[in-house]
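K.L.:
There's a structure below that I have some questions on.
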Amino acid sequence: MNTAPQWKNPVIRWVDERLPVFTYLDHEYGQFPMPKNLNYFWNFGALASIILIVMVVTGIVLAMQYTPHVDHAFNSVERIMRDVNYGWLLRYIHMNGGSMFFIVVYIHMFRGLYYGSYKAPRELLWMLGVVILLLMMANAFMGYVLPWGQMSYWGATVITNLFSAIPYIGDWIVTLLWGGFAVDNATLNRFYSLHYLLPFVLFGVVGMHVVALHITKSNNPDGIEMKGPQDSIPFHPYFTAKDAVGTGFFLIFFAFFVFFAPNFFGEPDNYIEANPLVTPAHIVPEWYFLPFYAILRSITFDVLFIPAKLMGVILMFGSILILFVLPWLDTAKVRSAKYRPIYKYVFWIFFIDCLALGWVGSQPPEGIALIVGQIGTFYYFIHFIIVIPVLGKIETPLPLPASIAEPVTGGGGGTSAGAAAAKMEKS
């Protein structure tokens with residue numbers, strides 16, 4: 001650790017001598033070495049932290065006005081929109097903030113997939129990121145139930161019923177989630193309580209994610225480790241300025257939806273109060289769940305002794321859980337797709353596959369949509385289980401630069417991919 005800075009402000013100096021919080025912040029966010037070749041795709045981690053704070057703050061204020069009871073929940077949301085001072089703004093920020101959070105995190109994860117940020121020594125960093133994704137999905141699902149509209153009610157009914165496919169304990173899990181024998185007041189109270197609690201759990205996991213990042217340092221577009229001071233620059237002021245630019249553009253994008261298209265990501269049926277006796281014509285989850293929903297519905301046939309419904313549930317959860325073992329499935333010695341001539345195209349095929357599954361999830365499970373969903377689901381798992389391991393063995397990567405600074409300075413010469421990979425493993 002660097003020598004503690006001499007703080008000029010006497011109050012800061014007095015506090016820091018007794019609780020070195022300012023020294024810690026200076027070390028971790030001021031002097032912290034960052035690869036000098038990072039592009040704007042590395043902004044999205046900071047953007048995710050910002051939107052998480054926005055979601056927690058707006059959620060706490062909204063909770064002061066919300067009534068978690070099936071007889072009053074829908075009307076309490078309408079009261080927030082119509083009678084609470086700036087309630088409409090708080091709700092639209094919170095409602096669209098969920099979508100913004102997933103947009104940012106999905107870009108952040110696809111960037112990690114492209115540049116190999118999940119590879120050693122960052123396996124645990126990646127796995128904590130997958131835990132964050134799972135917590136986000138659970139929290140978003142429970143939050144979607146709270147307005148108690150038609151899509152809230154029927155979405156909760158359909159998704160919670162999936163657990164009934166699990167042998168022996170499935171019905172017990174469903175009853176536990178419902179708090180009874182149907183989606184009702186006990187269900188709403190459970191989801192409200194957990195929706196309020198999970199963001200604070202999420203904060204804890206994000207904290208561990210950041211600590212793991214500061215231990216292993218950031219990956220970079222070249223996918224090679226920093227080899228000295230010539231490869232790095234301090235976080236401040238360089239990346240605080242870069243993050244500020246990215247944050248500015250992101251807030252403009254966010255504000256557009258809040259003020260001009262607040263219901264763009266929503267479903268019209270959710271402005272109708274929940275009615276257990278009237279089923280919507282087409283039940284769909286929020287857009288960020290659509291690829292996984294498509295995987296769930298794509299299995300319309302039994303697989304060996306496994307019923308179709310159970311197989312769909314297994315594959316839906318498996319599509320996320322497989323990300324935990326990705327660092328060990330990828331056998332390539334080079335991290336970045338920038339130096340992997342075949343993988344960079346395979347990555348975009350996978351990206352298109354995810355978009356196609358998202359479209360399938362928004363359509364009725366019939367006709368061409370069902371066929372595309374089955375093909376997309378098949379390729380999704382083949383990509384991780386077969387394509388990535390085999391490609392890592394047969395692909396010949398391009399030569400890596402000798403250091404991060406070498407492409408900029410032109411010095412130091414090149415090195416073979418194999419030698420660079422060996423150095424990377426030693427580091």
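The numbers here are math on the coordinates, done by the rules we state, and not lab data. Just so it is clear, the model here is predicted, and its values are computed rather than measured. Note that each Cβ is placed from the backbone with ideal geometry, even for glycine, and that neighbours are counted across all protein chains shown.
K.L.:
Taking R0 as 35 Å, what's the FRET efficiency between Leu355 and Val15 from their Cβ-Cβ distance, rounded to 0.05?
P.N.:
0.10
K.L.:
Report, in whole Å, the centroid distance computed from the Cα atoms of the range 251-286 and the range 105-127.
P.N.:
With the range 251-286 and the range 105-127 each reduced to a Cα centre, they are spaced 31 Å.
K.L.:
Kindly flag which residue pairs out of Lys119/Lys338; Lys8/Lys227; Lys36/Lys393; Lys242/Lys393; Lys242/Lys333 have an alpha-carbon separation exceeding 26 Å in this structure.
P.N.:
Lys8/Lys227; Lys36/Lys393; Lys242/Lys393; Lys242/Lys333, as the Cα separations exceed 26 Å there.
K.L.:
Mind sorting out which of (1) 72, 64, 41; (2) 68, 60, 43; (3) 68, 41, 32 is the real Cα extents along the principal axes in Å computed from the coordinates?
P.N.:
Answer by label: (1).
K.L.:
Rounded to the nearest 0.05, what FRET efficiency do Tyr168 and Tyr345 give with R0 = 51 Å and r taken as the Cβ-Cβ distance? Could you check?
P.N.:
Once the sixth-power term is evaluated, E becomes 0.70.
K.L.:
For the chain, what is the mean residue ellipticity at 222 nm derived from helices alone (per DSSP H run of n ≥ 4: -39500 (n - 2.57); sum divided by total residues; nearest 500 deg cm²/dmol)?
P.N.:
Working: 18 runs with 262 residues, N = 427.
Mean residue ellipticity at 222 nm (helix-derived): -20000 deg cm²/dmol.
K.L.:
Also: Specify the inter-centroid distance of the range 141-178 and the range 7-34, based on alpha-carbon positions, in whole Å.
P.N.:
Between the Cα centre of the range 141-178 and that of the range 7-34, the gap is 48 Å.
K.L.:
Please work out how much length the chain gains when fully extended from Phe259 to Ile386, using 0.36 nm per residue of separation minus the C-alpha to C-alpha distance, in nm with one decimal.
P.N.:
41.2 nm is the gain from fully extending Phe259 to Ile386.
K.L.:
Order the peptides 214-222, 257-265 from the highest to the lowest mean number of other Cβ atoms within 10 Å of their residues.
P.N.:
Ranking, from highest mean packing down: 214-222, 257-265.
K.L.:
Taking Cα pairs under 8 Å and at least six residues apart, what relative contact order does the chain come out at, in percent?
P.N.:
Values: 504 pairs, mean separation 88.7, N = 427.
That works out to 21 percent.
K.L.:
Two decimals is fine: what is log10 I(q)/I(0) at q = 0.08, 0.10, 0.14, 0.16 Å⁻¹ for the range 27-265, from a Debye sum with one equal scatterer on every Cα and no solvent?
P.N.:
Summing over Cα pairs of the range 27-265 leads to -0.38, -0.57, -0.98, -1.16.
K.L.:
log10 I(q)/I(0), Debye, Cα-only the range 153-270, no solvent, q = 0.11, 0.14, 0.20, 0.21 Å⁻¹?
P.N.:
Treating every Cα as an identical point scatterer, log10 I(q)/I(0) equals -0.76, -0.94, -1.17, -1.21.
K.L.:
List the residues, sorted by chain then number, that are 5 or more residues from Ile233 or on another chain and whose placed amide H is less than 5 Å from its amide H.
P.N.:
Those lying under 5 Å, H to H, from Ile233 are Met34, Lys36.
K.L.:
Name the most mobile residue of Ile12, Ile314, Ile385, meaning the one with the largest mean-square fluctuation, in a Gaussian network model of the chain with Cα contacts below 10 Å.
P.N.:
Among Ile12, Ile314, Ile385, the largest mean-square fluctuation in the Gaussian network model of the chain belongs to Ile12.
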